[in-house]
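Below is one structure, written out as structure tokens, with a few remarks after it.
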Amino acid sequence: MAADMEFDEFVVVRSAALLRTAYLLTRDVQLAEDLLQTALTKAWFSWKRIDGDPEPYVRRILVNASVSWWRKRWTHETPTSSVPEPTRAVSPPADVHDLMQALGRLPRRQRAVVVLRYIEDRTEADTAALMGCSVGTVKSQCAKALGKLREDVALDVTADERSAL
């Protein structure tokens, strides 16, 4: 019973941050909600076996599930001509939109590294542990991702904008 209360408290306290990570991994609000729900469901089944802080465990589930979904080319939903329910409009600020577009063009693994390292402010060791790879892999994927982001036209700062800074 105490473990159930701990899980409920964890969900209430950390869901917003975990949903933000899920959104950054999927770039879709509904998929992010599904991803978070999947991660929390998997965490619930092994909650009693988690030692220490459960957040890294849940974040690893998020990253692994995100990669797994796209490897399988998830096809559980079929497009229709009419929307069965109203959707929520999420419009990020204009400057965030360019970053989201640029992140979306990165390969999934590189996107995961950037999200965990820079947006979630994780260390290289934490990121490696969450992704199940070596610190060297995190460093190389991060370098490749940052190189691609530097070349991305959506993030290109023109000379006029540089002088205004």
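Each value in this text was obtained by applying a stated rule to the coordinates, not by laboratory testing. If you're wondering where the values come from, they're calculated on a predicted model, not measured in any experiment. Neighbour counts are summed over all protein chains in view; Cβ atoms, including those assigned to glycine, are modelled from backbone coordinates with ideal geometry.
Backbone geometry of region 6-17 corresponds, through the Karplus equation with coefficients 6.51, -1.76 and 1.60 at θ = phi - 60°, to 3J(HN,Hα) couplings of 5, 5, 4, 5, 4, 4, 5, 6, 9, 4, 4, 5 Hz, x marking Gly and Pro.
So what is the relative contact order for region 1-73, in percent, with contacts set as C-alpha pairs under 8 Å and at least six apart? If you can, show how the numbers build up before the last one.
Numbers: 40 pairs, mean separation 22.3, N = 73.
Relative contact order here is 31 percent.
Give the separation of the Cα centroids, region 19-51 to region 111-151, in Å. Between the Cα centres of region 19-51 and region 111-151 lies a distance of 19 Å. Relative to a virtual label point 7 Å from the Cα of Q101 in the Cα→beta-carbon direction, which members of region 23-67 show backbone nitrogen distances below 19 Å? Residues 24-29 fall inside that zone.
Using the empirical formula 2.2 N^0.38 Å as the baseline, the Cα radius of gyration of region 95-157 reaches a ratio of 1.09.
Approximating the spin labels as points 7 Å out from Cα along Cα→Cβ, the A16-to-E151 distance works out to 3.9 nm.
Assuming 0.36 nm per residue, please report the length gained on full extension of the stretch F45 to E6 beyond their Cα-Cα distance. All intermediate terms of the calculation are to be shown ahead of the outcome.
On the way: separation 39, 0.36 × 39 = 14.04 nm, distance 1.33 nm.
Extending this stretch completely gives an extra 12.7 nm.
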